[in-house]
Amino acid sequence: MHAPGAILLISCYELGHRPLGLTRPLRALEAAGFAPDIIDIAVEPLDVEKVKRARFIGISVPMHTALRLGVHLVYRIRQINPDVFICMYGLYATLNADYLLSQGVDFCLPSSGSPLPPLSGGQDTDTSTQLVELVQSLVAGEQVEPQKTGFHTAKLPPLEVYAQFEDNTEKRIVGYTETTHGCKHLCTHCPIPPVYNGKFSVVERETVLAEIQEQVSQGATHITFGDPDFLNGPMHGLRILRAMHKAYPNLTFDFTTKVEHILKHRKYFLEFAQLGCRFIISAVESLSEAILTILEKHHTRADVETAIDIVHGAGIALRPTWVPFTPWTTLDDYLEMLAFVEIHRLVYHVDPVQYAVRLLIPPGSYLLNRPETKALSLSLDEAAFSYTWTHPDARMDELHKTVSALVENDARAGVDTLETFYQIWALAADIHGSRRTPLGCRSKVAHPPAPRITEAWFC
Ligand code: SF4
């Protein structure tokens, strides 16, 4: 198992950034004396020779899209190397373990912090011991500092092949890290609570700073902090940002946090801006009081408006995310969201794909405990990794299909976000059959550009 290439780690997709699901396990495995190969199929082809020589393949599936790709990958790997031991790890492996084990995966690894499952598979004692060591290394990646290992960054694709930071003509190479695991909140639609159950833990400051240092040395000039919520432990994050800014005063960054935290920690936002924060992603999801209650978001429309004032007032851009298609969203809600985006001059702060996001209800979702969801009598589509639902108003399902096709075609054709936005609005108004049309601020001047990462956020 310690031979070069006996272990192969594969990442399927991590939102366009260099995958932490490869870098941290790779570092931990090397520190434990293994010599793994890696492949990131988001940016490079599957190397058949690496698959053939592997005895253990770990596939990282931290998100829904990655899992869909990962399952196809398992079938392909089994054709190339039928006897290899396959482990899937990451958030979505945990949620879908039963199905994955029935599809040729040997075991699924819970996210770090959770107990390990018993190993199966009839290995001899030596191999079993090595497997336990290996699996422990996979979950312990964040405990190993880059400079304390023989971390072979040369194995990783260069940062240039991943999504970049863009703001008008300014471009930056992006590095990626996370300062925490899990989340202390329990939003019902989120895949994190079923795995972490309202708990979060911090990654050592030195480890995060070393990861930043390593990526800066490889050309990164912007860092994305991909924590589920960067402000779960605000002082931990702030200390890291202060140290990072001291070491690299020109480095910029972005992070994700909930509306509630923006209001609660408003006193820090001017400092975030001074430290180089360029934008913040926040899961607004809906403006409807009824839906926000079902999703247990603990914010209101008025809170969202206050959050915009706080963040924009500090000179940072707020990029809201949305879940505009749920079984409870009305056509009026949808049009209201578009009007809100226009009124607050946020057209360039929202990736058009956001207007096509449809609620995913994965196995174990906290949404299943809500009376509103129980009333829907949903059935699980294991192969789609989610419960299926149709909207009681057929026009919403039709709108979803039309908007999805539109944003996909427009993204492929490079259509300006402003044009796509008003086309979506016209479609929704058409289906609504009302005279409710855009307010008319179609000029680019009315909608300031916003910094972004050149990979639209998706789950
Ligand atoms: S949506 Fe955000 S705040 Fe809510 S549970 Fe998920 S990560 Fe935490």
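Quick rundown of the values:
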{"item": "Cβ pairs under 6 Å, 6+ apart, first in region 152-173 and in the same structural domain as Pro448 (by TED's automatic domain parsing) and at pLDDT 95 or above, second in a strand (DSSP E or B) and surrounded by fewer than 16 Cβ atoms within 10 Å (Cβ to Cβ)", "result": "Gln164/Lys171"}
{"item": "Hey, Thr300 surrounded by fewer than 16 Cβ atoms within 10 Å (Cβ to Cβ) and either outside the structural domain of His391 (by TED's automatic domain parsing) or within 16 Å of the ligand (Cβ to nearest atom) (or both) or not", "result": "yes"}
{"item": "Single match in Asn250, Asn232 (criterion: within 16 Å of the ligand (Cβ to nearest atom) and at pLDDT 95 or above)", "result": "Asn232"}
{"item": "Hits in region 153-211 - residues which are of a type in the set (Gly, Ala, Ser) and in contact with a Leu (Cβ under 6 Å, 6 or more places away or on another chain)", "result": "Gly198"}
{"item": "Some residue of region 117-136 being part of a helix (DSSP H, G or I), away from the ligand (no atom under 16 Å from the Cβ), at pLDDT below 95 and within 25 Å of the chain's Cα centre (by Cα)", "result": "yes"}
{"item": "Matching entry among Ala42, Ala66 (being surrounded by 21 or more Cβ atoms within 10 Å (Cβ to Cβ) and under 21 Å from Ala383 (Cα atoms))", "result": "Ala66"}
{"item": "Extreme residue, farthest from the ligand (Cβ to nearest atom), among residues of region 235-247 that are touching a strand residue (DSSP E or B) at 6+ places or on another chain (Cβ under 8 Å) and among the aliphatic types (A, V, I, L, M)", "result": "Met244"}
{"item": "Any chance Asp332 is more than 16 Å from the ligand (Cβ to nearest atom), under 21 Å from Phe272 (Cα atoms) and assigned by TED's automatic domain parsing to the domain that holds Phe385", "result": "no"}
{"item": "Residue match in region 86-93 (condition: modelled with pLDDT under 90 and assigned to a loop (DSSP other than H, G, I, E, B))", "result": "yes"}
{"item": "Val259 vs. criteria of a type in the set (A, V, I, L, M), within 16 Å of the ligand (Cβ to nearest atom) and outside the structural domain of Leu20 (by TED's automatic domain parsing)", "result": "yes"}
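The values are calculated or read from the model by the stated rules, or taken from the named source; none is laboratory data. The shown structure was predicted, so the numbers you read here are calculated from the model rather than taken from an experiment. All Cβ positions, glycine included, derive from the backbone under ideal geometry; neighbour counts span all protein chains shown.
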